[in-house]
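Written below as structure tokens is the structure these notes are about.
The values are calculated or read from the model by the stated rules, or taken from the named source; none is laboratory data. Just so we're clear, the structure is a prediction, and the values are computed from it rather than from any experiment. Because the Cβ atoms are built from the backbone with ideal geometry, glycine has one as well, and the counts that use them run over all protein chains shown.
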Amino acid sequence: KEAGLPDGVFNVVQGDKEAVDALIENPDVKAVSFVGSTPIANYIYERCAHFGKRAQALGGAKNHMVVMPDADIDKTIDALIGAAYGSAGERCMAISVAVLVGDVADKIMPKLIERAKTLKVKNGMELDAEMGPIVTKAALERITGYIDSGVAAGAKLLVDGRDLKVPGNENGFFIGGTLFDNVTPDMKIYLEEIFG
């Protein structure tokens, strides 16, 4: 309404598969837009095609941030931390690869390591939390599996967040800031979206 659109022109609907199927099958809904996992994006795209409906289905991605030698170091570190660890890294636009061009790595890495080590991981309801819990135990296990895979493949683990315990939330699904270096394009942790 604030943008001046009439009622019903633009609607955001959240729900499970049943809600998604109802939207796709409803002849009054002319288009569906989705951002999320690749398997669900494929499902939505195929179902929309079946019903002759327009679809924008954006699946998983491996997002990169390129840092040039003349970058403002402190602003870049803040941007990297926020983009990588915000929403516990469980968002489709999370940055999981930083390409540090030229000698900028020498300036950024020590500060980035320190920020990742001191990331405020807490109950997400605490106002000063920089990162909250992972959504499920299965998601946490998937993420730690990626860390194990990176180590096994020879990437250099600079910051290891696997053993983090959050006081008062010992049974929560928490992981601390984690940072790799020397990751190569053939490694699973480079090729796949970690989503966490």
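Counting only helices (runs of 4 or more DSSP H) that sit completely within segment 1-96, those holding 2 or more residues that are more than 30 Å from K120 (Cα to Cα) and of a type outside the set (D, E) correspond to 17-25, 38-50.
Looking across F180, F195, one residue alone is closer than 15 Å to K62 by Cβ, at pLDDT 95 or above and out of contact with any His (no Cβ under 8 Å at 6 or more places or on another chain). It is F180. Screening segment 93-111 for residues that are in contact (Cβ under 8 Å) with a residue 60 or more places away in the chain and surrounded by fewer than 18 Cβ atoms within 10 Å (Cβ to Cβ) and picking the one that is nearest to F195 (Cα to Cα) gives V97. Condition first: in contact (Cβ under 8 Å) with a residue 40 or more places away in the chain and surrounded by fewer than 19 Cβ atoms within 10 Å (Cβ to Cβ). Now tell me which residues in segment 184-196 satisfy that. Scanning segment 184-196 gives K188, Y190, L191, E192, E193.
Considered as a group, the residues in segment 148-188 that are out of contact with any strand residue (DSSP E or B) (no Cβ under 7 Å at 6 or more places or on another chain) and not in a loop (DSSP other than H, G, I, E, B) include one that is nearest to G132 (Cα to Cα), and that residue is D148.
Scanning segment 140-168 for residues that are touching a Phe, Trp or Tyr at 6+ places or on another chain (Cβ under 7 Å) and basic (K, R) yields one hit, K156. The residues of segment 127-141 that are of a type in the set (D, E, K, R), without any contact (Cβ under 8 Å) to a residue 40 or more places away in the chain and in a loop (DSSP other than H, G, I, E, B) amount to a single one, D128.
Each row is one residue, and each column tells you yes or no for (1) surrounded by 12 or more Cβ atoms within 10 Å (Cβ to Cβ); (2) modelled with pLDDT of 90 or more.
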{"position": "A3", "(1), (2)": "no, no"}
{"position": "F10", "(1), (2)": "no, no"}
{"position": "D16", "(1), (2)": "no, no"}
{"position": "A19", "(1), (2)": "no, yes"}
{"position": "E25", "(1), (2)": "yes, yes"}
{"position": "T38", "(1), (2)": "yes, no"}
{"position": "I44", "(1), (2)": "yes, yes"}
{"position": "H50", "(1), (2)": "no, yes"}
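If I filter segment 152-174 down to residues being surrounded by 14 or more Cβ atoms within 10 Å (Cβ to Cβ) and among the aliphatic types (A, V, I, L, M), which single residue comes out as farthest from A116 (Cα to Cα)? Only one residue tops the list, namely A153. Within segment 42-77, the residues that satisfy the criterion of being more than 16 Å from the chain's Cα centre (by Cα) and aliphatic (A, V, I, L, M) are I44, A49, A55, A57, V66, V67, M68, A71, I73, I77. Evaluation of V67 against the conditions (1) touching a helix residue (DSSP H, G or I) at 6+ places or on another chain (Cβ under 6 Å); (2) among the hydrophobic types (A, V, I, L, M, F, W, C); (3) not assigned by TED's automatic domain parsing to the domain that holds L80 shows that the sole unmet condition is (3). Scanning segment 63-84 for residues that are in contact with a Leu (Cβ under 7 Å, 6 or more places away or on another chain) and either closer than 19 Å to F34 by Cβ or free of Cβ contacts under 8 Å to residues at least 40 places away in the same chain (or both) yields M65, I77, L80.
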